[in-house]
Amino acid sequence: MIGRCTHIVDCRETRGLGEGGGIAQRGTFAECGSDVLAVAMSPGRRHITKPVCEITFGLREANLLTSTMILDAGSGVPHDAPAGGAGNAFGLTDKEVEQMQKFKVIVVHLGGVRNHITYKARLILRNVNKPCVIICEYPVDFEDFAKIGVKTAKVMPEEVKTEGKIMNIVSGVIRGQTVSQEKLDEIIRKVRLTLGDA
């Protein structure tokens, strides 16, 4: 094909949800190269994976080999977060950690609550020593992560509690809504910058 790049995707360990299997469910791992891994929370009434599919497609269209992972226990907050322990607990399986370690850059789509975003990112980067791009709705900054011990490219915490490091942040990406072209362009640009540093 002229002007196009073909990507082969080894898709879905589990069946999709909904008519035609359109929504990836928890435990999904769709592999396409080993450059970028887009990670999403588990789907549910409040946790919708839609933006991750669009982000993955946009990154692939920009010729970045991007795989997708939908976490098995991606809803709720980690046990060590404020108000943690009630309801669902966010966590990673050994298999998910092992799969994440294979990629150069991790792109994590989180939600719209600041404490959820920061503590989920900390748990992931505590277990995965990779550069990371955070995508979320709430306007967090590097200082928010550094306050709880997350290494970042611009602010280092007083007490480091992670192996991995946040290199870039893209906020204003709303769960369940179509990603604007402007935000998609920002994500592509920041993932490319992070890959250049990886």
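The values are calculated or read from the model by the stated rules, or taken from the named source; none is laboratory data. Remember, predicted model here, so these are calculated numbers, not experimental data. Every residue, glycine among them, receives a Cβ derived from its backbone with ideal geometry; neighbour counts consider all protein chains shown. Just the protein is used for accessible areas: all its heavy atoms, side chains included, with ligands, DNA and RNA removed. Shrake-Rupley method; radii C 1.70, N 1.55, O 1.52, S 1.80 Å.
Which of the residues that make up the stretch 52-103 are open to solvent by 60 Å² or more (accessible area, probe 1.4 Å) and among the acidic types (Asp, Glu)?
Hits for the stretch 52-103 are Glu61, Asp72, Asp80, Asp94, Glu98.
Looking at (1) open to solvent by 50 Å² or more (accessible area, probe 1.4 Å); (2) more than 21 Å from Ser34 (Cβ to Cβ), can you tell me which one Val140 breaks?
(1)
From the list Ala146, Ala198, exactly one residue is among the hydrophobic types (A, V, I, L, M, F, W, C), at pLDDT below 95 and more than 17 Å from Met41 (Cα to Cα). Which is it?
Just one listed residue meets the conditions, Ala198.
Considering only residues of the stretch 26-51 that are open to solvent by 40 Å² or more (accessible area, probe 1.4 Å) and assigned to a loop (DSSP other than H, G, I, E, B), which is modelled with the highest pLDDT?
Filtering the stretch 26-51 for residues that are open to solvent by 40 Å² or more (accessible area, probe 1.4 Å) and assigned to a loop (DSSP other than H, G, I, E, B), the one modelled with the highest pLDDT comes out as Ser34.
Scan the stretch 54-72 and tell me whether some residue there is of a type in the set (Gly, Ala, Ser) and at pLDDT below 90.
no
Just need a number here: residues in the stretch 159-195 that are within 14 Å of Ala62 (Cβ to Cβ) and either assigned to a helix (DSSP H, G or I) or open to solvent by 30 Å² or more (accessible area, probe 1.4 Å) (or both).
Residues meeting the conditions: 14.
Quick check: is even one residue across the stretch 104-113 within 20 Å of Val191 (Cβ to Cβ), surrounded by fewer than 17 Cβ atoms within 10 Å (Cβ to Cβ) and not charged (D, E, K, R)?
no
May I ask you to list the residues in the stretch 114-131 that are buried (at least 18 other Cβ atoms within 10 Å of the Cβ) and more than 16 Å from Pro78 (Cβ to Cβ)?
The answer is Lys130, Pro131.
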